[in-house]
1. Direction-averaged shadow area of the convex hull around the Cα atoms of the range 342-453, nm²?
2. Over all directions, what mean area does the Cα convex hull of the chain project, stated in square nanometres?
3. With a sphere of radius 15 Å drawn around the Cβ of PHE428, what net charge do the other residues whose Cβ falls strictly inside it have (Lys, Arg +1; Asp, Glu -1)?
4. How would the range 362-406 be classified by its alpha-carbon gyration tensor: rounded, prolate or oblate, with rounded meaning a/c under 1.5 and the a/b versus b/c comparison settling the rest?
5. With every atom except the alpha carbons ignored, what do you get for Rg and Dmax of the range 10-50, in angstroms?
6. What is the range 26-140 by shape, rounded, prolate or oblate, if you read a ≥ b ≥ c off the alpha carbon gyration tensor as root eigenvalues and call it rounded for a/c under 1.5, prolate for a/b larger than b/c, and oblate otherwise?
7. May I ask you to compute the full-extension gain from TYR49 to LYS304, defined as 0.36 nm times their residue separation minus their alpha-carbon distance, rounded to one decimal in nm?
8. Got a sec to turn the phi values of the range 261-267 into Karplus ³J(HN,Hα) couplings, 6.51 cos²θ - 1.76 cosθ + 1.60 with θ = phi - 60°, whole Hz, x for Gly and Pro?
Amino acid sequence: MNVVDALAGLSGVEGVRWLLEGDEPQAALRRALGGLLTDLALLGACRLYRAKSKPGRYLTAYYEISVRGAPSDAEQRRHVEAVWLPPGTADPRGAPEDIARMQEEVAELGLLAPFRALVANDPSWGLWLQVSPLDAEYPQLARLSSPPHVRALLSALPELGAPPGDYTVEVVRYRPGQRHVLRYRPAGAPPDAALYAKVYSSDKGTRIFSTVRRVVEWLAADDAPISAVQPAAYLPEEQVALYRHVAGRPLSELLHLPEATEHLRLAGAGLRAIHRVPTDLVELRQHSLEKELQSIASASEHLKTLLPEAGARVTRMLARAQVLHERLPQEAPGFAYGDFKADHVWITPDGMTLIDFDTCYLFDQAIDLGKFLADLWWWDDGAGGSGAGAARSHFLEGYGPSPELLLRARLYEVLVLTKSTARRVKLFDPAWAERTGRLVALAEGLLSRLEAEVPG
């Protein structure tokens, strides 16, 4: 097996797994990381937790690694993005001068050790690496990862009520060029005193801060059965939103419990309240079916090469879905949350709370119902598959959709289940092909039943 064939998908998913976990590629990865350290012996375990394949173009993987070294001999956790590219492909990490400038800042902030540098590449493998907190597209990430800077930043915001003293900075999400989330843990304080920093590279954070604040106020005035977590502060000069810790558990962790029935009904009622938010309350960007179909086609691109039968099914389903959509009764677009799923619905001591308003837009509100219904299939499949039907009924009972809205929701249920399958089943899961094929077949069956019920 070789890297060119594996990247092109000619070796199937086995080739992808070989690059991600095989002995030779792993040795190359560790050599590249070791070359960045002052001593190779400082490198500990490398845990793979995410991967994305675009056959013939790239394979990206994310690792959490353990290292020892300065400023103490204690173990550190660092996050690494590894990208394999075809021979001759340009550096994907940004302009060299921007990378050099940011590495200098990382060193000045005392965040470099025990590394000598935070970028590496191995041309023989087409491998490019960068290590947190490096991301030339998010230059503020370096200082937002510096405990002294964090302490000064928070002490200048007394309205936060943040505990004084030192803070530990932990990486929650490291996605160079895409998104970053950090956790700030105050020394000696309980876990619920932590703050979370969501970092942006544009004015999107400003828009979201304004949107969530207005929506929360509107939901409270409407006496809605759901609220939302709003940023405790937004710092435009840093392009970062600060969130307080949410006490509670996501609904996804409670679906197997008896009390899930009431939670599901309440989630339905809460979503209905969100859908009453006036479209002129906040600035909303328009979404469309075409954008949704393009997103699904992009997310499932790798299936055409790595699992051709499932890939062909997805292609046919997208075409069928577009035809079916034209036969369905339509309604005016409204306020759509855009990512309503069980991970984002939290059960807290203060009631049901929604997190993460980064996706809301102006669109057919059936997308939100369909997203949640698809998510219930996802969690049910992971649990062995037995309770999705009842869970769907409880949720829909809480929402009470019209027959026309429910038909469109079922179409989006098919589409989102397809996209979720392509994105969420891990390529390095030994059961990837089996689970992907099973869920694609489930989506296809749901679409066939819906087609049979719609006249015309």
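The values are calculated or read from the model by the stated rules, or taken from the named source; none is laboratory data. The model shown is predicted, which means the values in this text are computed figures rather than measured ones. Please note: Cβ atoms are built from the backbone with ideal geometry, for glycine as well, and neighbour counts cover all protein chains shown. Accessible surface is based on the protein model in full, side chains and every heavy atom, while ligands, DNA and RNA are left aside. Shrake-Rupley method; radii C 1.70, N 1.55, O 1.52, S 1.80 Å.
1. Details: hull surface 33.6 nm².
So the mean shadow area of the Cα hull is 8.4 nm².
2. Values: hull surface 89.8 nm².
With every direction weighted equally, the projected area is 22.5 nm².
3. Values: positive: ARG17, ARG47, ARG50, LYS52, ARG423, ARG424, LYS426, ARG435; negative: GLU14, GLU21, ASP23, GLU64, ASP429, GLU434.
Charge balance in the 15 Å sphere: +2.
4. Numbers: a/c = 3.37, a/b = 1.71, b/c = 1.98.
Taking the square roots of the gyration eigenvalues as a ≥ b ≥ c, the range 362-406 is oblate.
5. My reading of the Cα-based Rg and Dmax gives 12.0, 38 Å.
6. Details: a/c = 1.87, a/b = 1.30, b/c = 1.44.
In terms of gyration-tensor shape, oblate.
7. Numbers: separation 255, 0.36 × 255 = 91.80 nm, distance 2.33 nm.
Net length gain for the segment: 89.5 nm.
8. With coefficients 6.51, -1.76 and 1.60, one gets 4, 5, 4, 5, 4, 5, 4 Hz.
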